[in-house]
Amino acid sequence: MMHFFPTPYPDEILYSVLARYSVRCGITSYQTIMESIFGKCSSRAVMEMPFNLNSLVSNLPVNCPYTADDLIYNHTLYPFFTAFLPKERAEEVKQLMLSEGGSKIYGKAGIIGSRIPLNQYLRFCPKCFEEEQKLYGEGYWHRLHQIPFVMVCPIHKAILHNSTVLVRGHNPQAYVPADADNCINNELLYFKPETIEKFVLIAQDAKVLLENQYPNKQFKWFAKQYLERFKELGYANINGKVYWEEVIKDFIDFYGLEFLNAVCSNIEDKEQGRWLKEITHSDAKSVYPIRHLMLARFLGIGVEELFIKELNYRPFGEGPWVCLNPAADHFLEPVIKDVEIKYRRRNKNTNGFFRCPCGYEYMETVTREQGERGKGRRRFVRVVEYGHVWKAKAHELHESGVSIQEIAVRLNADISTVRKYISEKGQEKSKKLVERNSVASAEFEVKRQYHREKWLQIVRENPDKGRLELRRLGKYTCTWLCRNDREWWEKNTPAKKFVQAYSNVDWETRDKEILQHVKQTVHEILESDERPQRISLRLIKTKSGLKSFDLQLDKLPLTKSFINSVIENPMDLHKRRIQWAIDKLNEEGKALTVSNITVMTGVGNKYRKQVVEEIKRVLGELGEM
Ligand SMILES: [Zn+2]
Ligand SMILES: [Zn+2]
């Protein structure tokens with residue numbers, strides 16, 4: 001039974017409290033002191049993780065307020081050593097400390113398994129010691145300072161010194177207090193400032209660990225936390241394959257070898273470095289807490305975050321994601337709930353596939369470019385599938401006379417895509433018609449009959465009108481027939497009467513407008529990087545999206561003369577192709593030879609001789625022949 005119990009100082013380790021007790025109680029025999037503290041003379045003075053604490057608490061003076069939990073959590077290294085153990089294991093360690101656990105504690109707590117050297121001497125911060133002597137009249141052993149690999153006092157940013165007191169001394173029952181005789185400031189340790197900075201960070205993290213009771217987690221929790229952050233930082237691919245070489249290189253850069261050697265964690269060394277890979281295995285059993293803190297620091301994971309916030313790498317952010325279909329009324333609204341993520345081994349890109357119910361599907365890519373971690377990510381989007389809503393819109397615009405170029409702009413696609421889907425739609429329609437005819441659904445038949453009759457009536461009643469005007473008179477019927485019964489409609493509709501259709505047009509204005517449009521188209525044709533096509537009325541028509549009735553050249557004198565001035569004859573085209581071929585070959589670094597150029601121009605027999613002559617002439621001019 002103790003007749004008094006010294007009030008523990010802030011962060012004082014229980015060993016130190018008991019050392020102060022043993023000095024003051026006036027007893028000189030170690031065994032008698034043991035008996036007064038634990039009720040049994042065989043107990044031992046253990047610094048890091050003491051045991052027999054239930055006995056100790058039952059021997060405290062009557063009015064002493066401390067429980068065993070108070071002592072364990074606030075005055076032993078228990079919260080530090082068990083922080084990364086599963087709950088059951090931590091609980092077992094605690095039970096051993098309450099009872100006669102003895103040396104079993106170090107095995108259970110994974111200290112032995114983590115293969116780190118425990119401190120030989122009790123440690124102290126000279127500045128803390130000096131201040132406390134002034135403040136309390138005595139110094140004491142700090143809990144934080146006794147943690148292996150805590151190299152500095154985070155308050156004074158001072159290197160911790162070894163005292164002359166052995167942690168595992170000659171007499172295992174002796175409690176030795178910190179005093180001016182054993183806390184001698186005589187060591188000459190030198191570290192680079194950047195190493196000390198890192199020591200401070202790790203000491204601060206260890207302090208956080210000591211002073212907080214974070215929920216214990218299974219080993220695999222931490223393995224996953226690290227892996228998710230590895231993925232986010234590009235140290236692992238989306239499937240979890242870690243690029244160890246890069247991790248190790250950057251880890252060493254981050255801490256420096258001086259630091260890593262000081263804490264026996266030089267990962268360049270096979271044996272010392274084993275822990276780094278082990279820590280990311282979900283069955284990693286005994287990784288020393290400081291090493292967890294080192295990895296978390298390196299990865300920018302805060303101590304609290306490490307225990308509390310489940311990390312989940314989402315390369316495309318949190319859903320829902322926006323639909324990029326300009327044809328949909330939910331354009332740019334977050335309506336896509338899932339993303340399918342695929343990893344491409346070849347280029348280390350991560351692709352996300354976003355499928356919208358409107359049928360639109362796009363792929364976004366996160367690339368990972370070496371050496372530009374974090375910053376080097378580039379995202380781009382590619383449309384995988386346009387879908388029914390988009391196609392219907394493209395068709396609708398087309399039917400209402402919008403040019404292919406404009407459809408492409410409005411629906412954010414290139415011209416060839418628009419063209420492809422529009423013609424596809426046409427084929428689909430005729431296929432549908434065949435199907436419908438063979439099914440001969442009664443409803444369809446009734447509708448067809450109705451629209452045919454209505455159309456015939458419109459045509460009959462308007463003998464002078466052209467297609468466009470007839471269409472205006474029976475818009476819905478016309479659209480229905482064009483969509484479902486085109487062949488019949490063609491037979492039963494008067495031939496195109498452009499003049500009538502445009503009877504009210506202001507041709508002068510129109511000429512200027514169309515001229516602008518045609519000029520732009522020709523400019524684009526000439527600027528195109530692709531193999532030149534012959535500039536003809538037909539090409540202008542296709543490329544511009546203008547329809548025949550837009551290009552009634554007889555009524556468009558300006559446009560007509562412009563077109564006549566640019567239309568090419570076959571040799572004009574070949575000359576352009578020769579120039580194009582030369583540019584291409586130069587670009588690709590290939591030889592400018594007559595045969596190379598001839599192949600690329602793709603000339604037929606009729607003009608071959610002329611073309612070869614021309615190539616020779618041009619090469620001669622270039623000094624290549
Ligand atoms: Zn200090
Ligand atoms: Zn959509």
Looking at the structure I just gave you, is VAL603 surrounded by 11 or more Cβ atoms within 10 Å (Cβ to Cβ) and more than 49 Å from the chain's Cα centre (by Cα)? yes
Report whether or not GLU304 is away from ligand 2 (no atom under 16 Å from the Cβ), of a type in the set (D, E, K, R) and part of a loop (DSSP other than H, G, I, E, B). no
Single unsatisfied condition, ILE196 versus (1) under 28 Å from LEU77 (Cβ atoms); (2) hydrophobic (A, V, I, L, M, F, W, C); (3) at pLDDT below 90: (3)
Under 6 Å by Cβ, and 6 or more places apart or on different chains, what pairs join a residue from segment 159-188 that is assigned by TED's automatic domain parsing to the domain that holds ILE27 and under 25 Å from VAL200 (Cα atoms) with one that is among the hydroxyl-bearing types (Ser, Thr, Tyr) and at pLDDT below 85? none
Is it the case that ASN182 is closer than 23 Å to MET49 by Cβ and at pLDDT below 95? yes
For segment 569-625, how many residues meet the condition of being part of a loop (DSSP other than H, G, I, E, B), farther than 14 Å from ARG531 by Cα and of a type outside the set (S, T, N, Q)? 9
Just give me the residues in segment 443-480 being acidic (Asp, Glu) and within 59 Å of the chain's Cα centre (by Cα), in sequence order. GLU443, GLU445, GLU469
Turns out the helices (runs of 4 or more DSSP H) fully within segment 30-104 with at least 2 residues that are free of Cβ contacts under 8 Å to residues at least 60 places away in the same chain are 30-38, 53-58, 68-75, 87-98
Among THR67, THR76, the single one that is buried (at least 21 other Cβ atoms within 10 Å of the Cβ) and β-branched (Val, Ile, Thr) is THR76
Given the structure, is GLN146 polar (S, T, N, Q), more than 16 Å from ligand 2 (Cβ to nearest atom), at pLDDT below 95 and within 29 Å of SER42 (Cα to Cα)? no
Taking the condition surrounded by 15 or more Cβ atoms within 10 Å (Cβ to Cβ), among the charged types (D, E, K, R) and under 23 Å from PRO126 (Cα atoms), does LYS217 pass? no
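Criterion first (under 21 Å from THR28 (Cα atoms), among the polar types (S, T, N, Q), modelled with pLDDT under 95 and more than 12 Å from ligand 1 (Cβ to nearest atom)) does ASN162 satisfy it?
Considered against the rule, which asks whether it is under 21 Å from THR28 (Cα atoms), among the polar types (S, T, N, Q), modelled with pLDDT under 95 and more than 12 Å from ligand 1 (Cβ to nearest atom), ASN162 comes out as no.
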Could you tell me which numbered condition VAL150 fails, if it satisfies all but one of (1) closer than 17 Å to PRO193 by Cα; (2) within 11 Å of ligand 1 (Cβ to nearest atom)? (2)
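Any chance you could count how many residues in segment 312-323 are within 16 Å of the chain's Cα centre (by Cα) and either surrounded by fewer than 19 Cβ atoms within 10 Å (Cβ to Cβ) or polar (S, T, N, Q) (or both)? Steps first, please.
Just the residues of segment 312-323 that are within 16 Å of the chain's Cα centre (by Cα), to begin with: 312-321.
Those left that are additionally either surrounded by fewer than 19 Cβ atoms within 10 Å (Cβ to Cβ) or polar (S, T, N, Q) (or both): 312-314, 316-320.
The qualifying residues number 8.
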Filter segment 112-137 for residues that are out of contact with any Pro (no Cβ under 9 Å at 6 or more places or on another chain) and of a type in the set (A, V, I, L, M, F, W, C) and give the result. ILE112, LEU122, PHE124, CYS125, CYS128, PHE129, LEU135
Somewhere in segment 214-229, is a residue within 31 Å of the chain's Cα centre (by Cα), within 16 Å of ligand 1 (Cβ to nearest atom) and touching a residue at least 24 places away in the same chain (Cβ under 8 Å)? no
Taking segment 124-165 and keeping only residues that are of a type in the set (Lys, Arg) and not in a loop (DSSP other than H, G, I, E, B), one is left with LYS127, LYS134
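The values are calculated or read from the model by the stated rules, or taken from the named source; none is laboratory data. Worth saying up front: this structure is predicted, and the values here are computed from it rather than measured. Positions of Cβ are generated from backbone atoms using ideal geometry, with glycine treated the same way; all protein chains shown enter the neighbour counts.
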